[in-house]
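Here's the structure, in structure tokens; my notes come after.
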Amino acid sequence: MVLETQRLTLREMTQGDFLALCKILQDADVMYAYEGAFNLDEVQAWLDKQFKRYKEYGFGMWAVVLKETDKMIGQCGLSMQDYNNSKIMEVGYLFQKEYWHNGYASEAAIACKEYAFDKLNATEVYSIIRDTNTASQNVAIRNGMTCIDKFIKHYRGVDMPHVLFSVKKVL
Ligand SMILES: CC(C)(COP(=O)(O)OP(=O)(O)OC[C@H]1O[C@@H](n2cnc3c(N)ncnc32)[C@H](O)[C@@H]1OP(=O)(O)O)[C@@H](O)C(=O)NCCC(=O)NCCS
């Protein structure tokens, strides 16, 4: 799977992306919505989870590579998440802090949504976002999404209020 946008390439992560992944998942500012930075074992577990998702579904969180430098600057992709006793397809994104505020997350998120609609035959995609995470909610809005629900998510032993954003495929 390779997805191209104007400035970015999205592709499956490999073990060789471990250090770039550490720059994202070990940064406390990036990880505040996830209750703090990951240790090395948690980074490896995250990567292994994506490998498992690629095998099981053919998609997961992908590496986002900046064409200009050929460097991995973030992650964006699709995953199946639990919501109201069913599975929904989520567009997710986490970027290295030094690459925020350039529109890269929105560009990647839009590409993932279009891939879900055009290649995976999804009719609706979602983003599940912590209520305090305004930057992420703004990406969802730029991805054409609106808020459709609020609920509590249990993650790393903490109850966190979340908002559910979604966008439907125009048929
Ligand atoms: C969520 C996250 C990826 C959003 O990053 P972001 O930089 O705010 O979003 P974008 O990459 O879409 O950039 C948008 C910004 O770039 C600006 N921009 C600059 N050039 C642009 C361009 N060519 N196109 C679009 N926007 C552009 C926009 O005006 C906007 O500015 P703002 O940050 O002042 O509002 C980032 O905050 C992050 O990694 N957070 C930690 C992880 C996380 O919480 N993930 C979500 C979990 S639900």
Is it true that Met72 is more than 15 Å from Arg11 (Cα to Cα), surrounded by 12 or more Cβ atoms within 10 Å (Cβ to Cβ) and more than 11 Å from the ligand (Cβ to nearest atom)? no
Among (1) open to solvent by 60 Å² or more (accessible area, probe 1.4 Å); (2) closer than 21 Å to Met80 by Cβ; (3) in contact with a His (Cβ under 9 Å, 6 or more places away or on another chain) - the single one Arg130 does not satisfy: (1)
Kindly indicate the residue of the range 18-38 that is in a loop (DSSP other than H, G, I, E, B) and of a type in the set (A, V, I, L, M) and also nearest to the ligand (Cβ to nearest atom) among those meeting that condition. Val30
For the range 40-48, state whether one or more residues are among the β-branched types (Val, Ile, Thr), open to solvent by less than 30 Å² (accessible area, probe 1.4 Å), at pLDDT 95 or above and over 19 Å from Arg142 (Cβ atoms). yes
Qualifying positions in the range 126-142 - hydrophobic (A, V, I, L, M, F, W, C) and either in contact with a Pro (Cβ under 9 Å, 6 or more places away or on another chain) or within 6 Å of the ligand (Cβ to nearest atom) (or both): Ile129, Ala135, Val139
Pairs where the first residue, in the range 19-43, is acidic (Asp, Glu) and the second is open to solvent by 80 Å² or more (accessible area, probe 1.4 Å), C-beta under 7 Å, 6+ apart: Asp27/Lys97; Asp29/Lys97; Glu35/Arg156
Mind listing whichever residues of the range 8-17 are more than 11 Å from the ligand (Cβ to nearest atom) and touching a helix residue (DSSP H, G or I) at 6+ places or on another chain (Cβ under 8 Å)? Leu10, Glu12, Met13, Gln15, Asp17
Could you list all residues from the range 100-120 that are open to solvent by 20 Å² or more (accessible area, probe 1.4 Å), under 15 Å from the mean Cα position of the chain (by Cα) and either more than 14 Å from Gly144 (Cα to Cα) or within 15 Å of the ligand (Cβ to nearest atom) (or both)? Trp100, Gly103, Tyr104, Ala105, Glu107, Ile110, Lys113, Tyr115
Select from the range 49-62 the residues that are surrounded by fewer than 23 Cβ atoms within 10 Å (Cβ to Cβ) and either among the aromatic types (Phe, Trp, Tyr) or part of a strand (DSSP E or B) (or both) and list them in ascending order. Phe51, Tyr54, Tyr57, Phe59
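The values are calculated or read from the model by the stated rules, or taken from the named source; none is laboratory data. Fair warning: this is a prediction, and the values are worked out from it, not measured in the lab. Note: ideal-geometry Cβ built from the backbone for every residue, glycine included; neighbour counts use all protein chains shown. Heads up: the accessible areas ignore ligands, DNA and RNA and are worked out on the full protein's heavy atoms, side chains in. Shrake-Rupley method; radii C 1.70, N 1.55, O 1.52, S 1.80 Å.
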